[in-house]
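Working notes, structure below.
Computed from the coordinates by the stated procedures, all read-outs in this text should not be read as laboratory data. Computed from a predicted structure; not experimentally measured. All Cβ positions, glycine included, derive from the backbone under ideal geometry; neighbour counts span all protein chains shown.
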Amino acid sequence: MYAARLTISTLAIAAALATSAARAADYSQPPPQPYIIQQPPPMLETISSGWYLRGDIGMSFQNKANLEFLQNPANNLDFAFDYHSIANTQFIGLGAGYEFNNWLRFDVTGEYRAKTQVNARGVYDRTTMQGDSYQGYIKSWVFLANAYVDLGTWNCFTPFVGAGVGGAYNTLSDFVDNGIGQTGVGFGRNPSEWHFAYALHAGVAYNVNKNFKVELAYRYLNYGSITDTIDCVGGCNPDSYKFGSLSSHDIKLGFRWTCCETQEQVRYVYQPQPYTPPPVYMQPPVYTQPPLRSKG
C-alpha cells in the first residue's frame, strides 16, 4: 500500500515538472535591446561678423605719371618733354565696412589726397635748347569699394590681401608755363575730372581687443589722369597737357572699430564616427527535465 502511494506521488511530481518545462519552452525570449548610435557632443564654431568704421592716414611715395604734350593743330612745333616729376604727398581717409566672417570683409572708403607739386621741362628748339618750364599742383578725392581676405590670426596678428575699384576726382590747379629765354608765360584753366581708379592692398592687422584693430598696410593706387589747357598771355593757339596714368605707392596706418556688432553666429559641427555593428544576441538554450522513473 505504501509502495502504491509512493508511485502515485512520484508520478504526480513528474507530471507537474513536465508541464512546467513545457510552459517554459513556450515562453518567447525577450527581444534584443535596440542599438542606438551615439552622436558625439556638437562642436560650437563661432563666426564673427559685424559692421565697422575705419580711418586711415598715410604717405604717398614714388608718384608717377605719363606727361603728354597735346599740340594744337594750328601750331607746328617740335616740342618734347625731357623732364617731369610729381612730389610725395599725404592723404587721410574714412570708411565703413562689414566683416562677413572670420576671413572675408568688405568696405567703402573715401580719402582726400593733399596737393602734390608737379614740375616739368620741355624743349622746342633743339639747336638753342630753348623751351618752357611748367609747375602746378594736383589734388584728388578717391572713392573705393574694397574686398579683403584675412589669412588667419597668430598671436593677435592677422595678415591680409585685398583689392578695390572706384573713382577719383582729380584737379590740376595753378598750372603755369614759364618761357625759357623769352618773356612768354601762360596759365592753365584749373580743370577737375572724374576717372576710374583701382587699388591693390597687402598688410597686417593687430587685434588690440575684440572691437579695435590697428593696420599697417601697403597699397598700389592708380587714380586716372588730368588734362589742362594753357592760355598764353598776349594770345596764342593754346596747347594742352595730359598727366596720364597717375599712380602711387602708399604706406597706410589704419584703425578699425567694430561699432555695430551683430549677434554672433553659432554653427554646430558634428564629427563623423566609424560605424559599429550592433551586438549579436544569442537565444539561450532550453533545458527540459527528464521524466522520473519509478523503481517499484
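Table for the structure above
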read-out: Output for region 113-157, where each listed residue is closer than 25 Å to V208 by Cβ, touching a strand residue (DSSP E or B) at 6+ places or on another chain (Cβ under 6 Å) and in a strand (DSSP E or B); value: L144, N146, A147, Y148, V149, D150, F157
read-out: Strands (runs of 3 or more DSSP E) enclosed by region 160-239 - at least 2 residues per element that are among the hydroxyl-bearing types (S, T, Y); value: 192-209, 212-222, 226-232
read-out: Flag for G110 being surrounded by fewer than 16 Cβ atoms within 10 Å (Cβ to Cβ), assigned to a strand (DSSP E or B) and not hydroxyl-bearing (S, T, Y); value: yes
read-out: Qualifying residue in region 177-191 (condition: under 27 Å from V108 (Cα atoms), touching a strand residue (DSSP E or B) at 6+ places or on another chain (Cβ under 9 Å) and not aliphatic (A, V, I, L, M)); value: yes
read-out: Residue count for region 71-84, restricted to those that are part of a strand (DSSP E or B) and either exposed (fewer than 14 other Cβ atoms within 10 Å of the Cβ) or aromatic (F, W, Y) (or both); value: 4
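Here's the yes/no breakdown for (1) touching an Asp or Glu at 6+ places or on another chain (Cβ under 8 Å); (2) surrounded by 15 or more Cβ atoms within 10 Å (Cβ to Cβ); (3) of a type in the set (S, T, N, Q):
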site: V208; (1), (2), (3): no, no, no
site: F212; (1), (2), (3): no, no, no
site: L216; (1), (2), (3): no, no, no
site: R219; (1), (2), (3): yes, yes, no
site: T227; (1), (2), (3): yes, yes, yes
site: G234; (1), (2), (3): no, no, no
site: S240; (1), (2), (3): yes, yes, yes
site: L246; (1), (2), (3): no, yes, no
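Conditions tested, residue by residue: (1) at negative phi; (2) buried (at least 16 other Cβ atoms within 10 Å of the Cβ); (3) of a type in the set (D, E, K, R).
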position	(1), (2), (3)
C156	no, no, no
Y169	yes, yes, no
D177	yes, yes, yes
E193	yes, no, yes
